[in-house]
Amino acid sequence: MTKEQILTAARQRGADQPYAGAVTPQEAFDLLQSGPDVKLVDVRTNAERDWVGRVAIGQAQHLAVQWATYPGGAPNPDFGAQLEQVADKDDVLLFLCRSGVRSRHSARVATELGYANAFDILEGFEGDRDGDGHRKTIGGWCTAGLPWVGA
């Protein structure tokens, strides 16, 4: 699919959301291949990226802006200001977290801040827990076989 086809499908998928839409992990990866105006915003904590792993994409397209801080999980009071330091309002922003909850909140806040192309990456980096309580087996960037590096 082309960039425009993916974005159209994402907008339709997220039509009832307070942000631009939602993409699958594979669609996010495909969009990242389409040009430098597409950025992945990893909203997990620095600890999660360091200990669990991170997407393996070019540094210019991989933005790290914590939604919550570690330890404690307190909301990052500087989220908006930090996002404005690394992203342009016209960029296509793809928000990623562990399983897709913080990324939805981040996409909503980004939209409220004037980013018209803020998208949630469904399933997140690790996906949902399986029957044994483990992640990286059901859904997510890793399970989709997309490039990532471990801790």
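Brief remarks on what is shown
- Only one of G100, G114, G127 that is crowded, with 18+ Cβ neighbours inside 10 Å and over 14 Å from V41 (Cα atoms): G127
- Test for S106: is it modelled with pLDDT of 95 or more, touching a strand residue (DSSP E or B) at 6+ places or on another chain (Cβ under 7 Å) and either farther than 15 Å from D30 by Cα or part of a helix (DSSP H, G or I) (or both): yes
- For the stretch 109-127, a residue qualifies if it is hydroxyl-bearing (S, T, Y) and part of a helix (DSSP H, G or I), and exactly one does: T111.
- Given (1) out of contact with any Lys or Arg (no Cβ under 8 Å at 6 or more places or on another chain); (2) of a type outside the set (K, R); (3) farther than 15 Å from L122 by Cβ, index of the condition S34 fails: (1)
- Residues of the stretch 41-59 classified as surrounded by fewer than 16 Cβ atoms within 10 Å (Cβ to Cβ) and closer than 19 Å to D120 by Cα, total: 1
- Helices (runs of 4 or more DSSP H) completely within the stretch 1-87 that count 3 or more residues being free of Cβ contacts under 8 Å to residues at least 40 places away in the same chain and not β-branched (V, I, T): 3-13, 46-51, 79-86
The values are calculated or read from the model by the stated rules, or taken from the named source; none is laboratory data. Since the model is a prediction, treat every value here as computed from it, not as a measurement. Don't worry about glycine lacking a Cβ; one is built from the backbone with ideal geometry, like all the others, and counts go over all protein chains shown.
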